[in-house]
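*Asks:* One structure, as structure tokens, below. Some questions next.
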Amino acid sequence: MTDATKKSGRRPTWWMWSLLAVVVLGGLLAAAWAVEYKKSVPAHELPAEAQSFLATYYPDESAVVVRKELDELRITYTVLFADGSQVSFRGNGEWFEVKSRQLPVPAELVPVSIREFVDRNFAGTTLRELKRTARLWEVELNNSVELKFDTKHEALVDYDD
């Protein structure tokens, strides 16, 4: 106890301990939030949904590297192929990004209305990247044009050439 505590006869109160606990817990959470790591894992460690996706859309390809990442307390997997293509999955195995260098992104992954829009307005181009989020479909064509569509109506919301 400090001299002031000895003189007054008071001990630190419960709210001081509660405040200290909140500060310590907040520091631990902030440290955990900042933790990130990447490591290679064997392909059989991918979630079942991701393995099924690869068997369906990339049956003739074998993964060169399968990377598991933890960033901002979220697990993702990225599968890299010898031709430079890559597919990224959420921790549950749901795909969210496909990038391709040589071959176009599998057409079956692209919503029909987006495929038709690209065919109608950018004839002769192929999709090089496809990314989906909760609100957007992001498409990059082989001529470097980037398009964004909303997920609800699949309507064009942004265009960048």
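*Asks:* Looking only at region 27-62, count every residue that is assigned to a helix (DSSP H, G or I), at pLDDT 80 or above and surrounded by 10 or more Cβ atoms within 10 Å (Cβ to Cβ) and tell me the total.
*Replies:* Here is the first cut: in region 27-62, the ones assigned to a helix (DSSP H, G or I) are 27-34, 43-45, 48-57.
Now narrow it down to the ones that are at pLDDT 80 or above: 43-45, 48-57.
Subset that is surrounded by 10 or more Cβ atoms within 10 Å (Cβ to Cβ): 43, 45, 49-54, 56-57.
So the answer is 10.
*Asks:* Among the numbered criteria (1) modelled with pLDDT under 90; (2) surrounded by 13 or more Cβ atoms within 10 Å (Cβ to Cβ); (3) not in a strand (DSSP E or B), which one does residue 70 miss?
*Replies:* For residue 70, the failing item is (3).
*Asks:* Right, next: So how many residues does region 90-105 have that are surrounded by 14 or more Cβ atoms within 10 Å (Cβ to Cβ) and over 15 Å from residue 137 (Cα atoms)?
*Replies:* If we filter region 90-105 for residues that are surrounded by 14 or more Cβ atoms within 10 Å (Cβ to Cβ), which is where we start, we get 90-91, 93, 95-100, 103-105.
Now restrict to residues that are over 15 Å from residue 137 (Cα atoms): 90-91, 93, 100, 103-104.
Matching residues across region 90-105 total 6.
*Asks:* Quick check on region 73-82: of everything there that is over 16 Å from residue 49 (Cα atoms) and surrounded by 13 or more Cβ atoms within 10 Å (Cβ to Cβ), which residue is modelled with the highest pLDDT? Spell out how you get there, then give the answer.
*Replies:* Here is the first cut: in region 73-82, the ones over 16 Å from residue 49 (Cα atoms) are 73-74, 80-82.
This time we only want the ones that are surrounded by 13 or more Cβ atoms within 10 Å (Cβ to Cβ), so: 80-81.
On the way: 80: 95, 81: 92.
Residue satisfying both the conditions and the ranking: 80.
*Asks:* Would you check if residue 99 is basic (Lys, Arg) and under 21 Å from residue 147 (Cβ atoms)? Lay out the reasoning, then the answer.
*Replies:* Numbers: basic (Lys, Arg): yes; under 21 Å from residue 147 (Cβ atoms): yes.
It is true that residue 99 is basic (Lys, Arg) and under 21 Å from residue 147 (Cβ atoms).
The values are calculated or read from the model by the stated rules, or taken from the named source; none is laboratory data. Here the structure is a predicted model, which is why all the values come from computation and not from measurement. Neighbour counts are summed over all protein chains in view; Cβ atoms, including those assigned to glycine, are modelled from backbone coordinates with ideal geometry.
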